[in-house]
Amino acid sequence: QVQLVESGGGLVQAGGSLRLSCAGSGPTFSYYVMGWFRQAPGKEREFVAAISWSGGRTYYADSLKGRFTIARDNAKNTVYLQMNSLKPEDTAVYFCAAGPMSLGAPYSGSVYYSEEYDYWGQGTQVTVSS
């Protein structure tokens, strides 16, 4: 069981930065793959980034590579999403999610599919103004 709470969202001007945090609870946090997804009004939920249980592998949406960075601190039961050079199209509710260790290489599960994740936070709003 993992409970997730996102924080760090807010209003930022284009070109600015935000760091989102996802605080997890439960003794098994370290054994979950963690992902970030986002959903803008009127759009489908989309994959943003993911990180393996050990932090050794990271995954990013192609369009976000170089701007967003995911990291985790298992000692603090927290996963982060550093967002730089923000654009208005980054405006969305950002969700963190926890999935099984079998997601991502070298395993068969896909970190890119929201259906693969078991637990979700309530989301935090990120608004980027132009």
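The values are calculated or read from the model by the stated rules, or taken from the named source; none is laboratory data. Please read all numbers here as calculations on a predicted model, not as lab measurements. For accessibility, only protein heavy atoms count, side chains too; no ligands or nucleic acids. Shrake-Rupley method; radii C 1.70, N 1.55, O 1.52, S 1.80 Å.
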Along each of the three principal axes of the Cα atoms of segment 66-130, give the extent in whole Å, ordering the values from largest to smallest. 40, 27, 26
Taking only the alpha-carbon positions of segment 57-104 and ignoring solvent, what does the Debye formula give for the base-10 log of I(q)/I(0) at q = 0.15, 0.27 Å⁻¹? -0.49, -1.29
Under a 1.4 Å probe, what is the accessible area of the chain per residue, stated in Å²? 51 Å²
Using alpha carbon centroids, what distance separates segment 1-29 and segment 53-99, in Å? 9 Å
Take the alpha carbon atoms of segment 16-63, find their radius of gyration, then divide it by 2.2 N^0.38 Å using N residues; give the quotient. 1.33
Roughly how large, in nm² to one decimal, is the mean projection of the convex hull of the alpha-carbon atoms in the chain? 7.2 nm²
Given a 1.4 Å probe and heavy atoms of the protein chains only, how would you sort E46, E115, E89, largest accessible area at the top? E115, E89, E46
For the chain, which whole-number percentage of the solvent-accessible area (1.4 Å probe, protein heavy atoms only) is attributable to carbon and sulfur atoms? 48 percent
May I ask you to rank F29, F47 by accessible area, largest first, using a 1.4 Å probe over the protein chains only? F47, F29
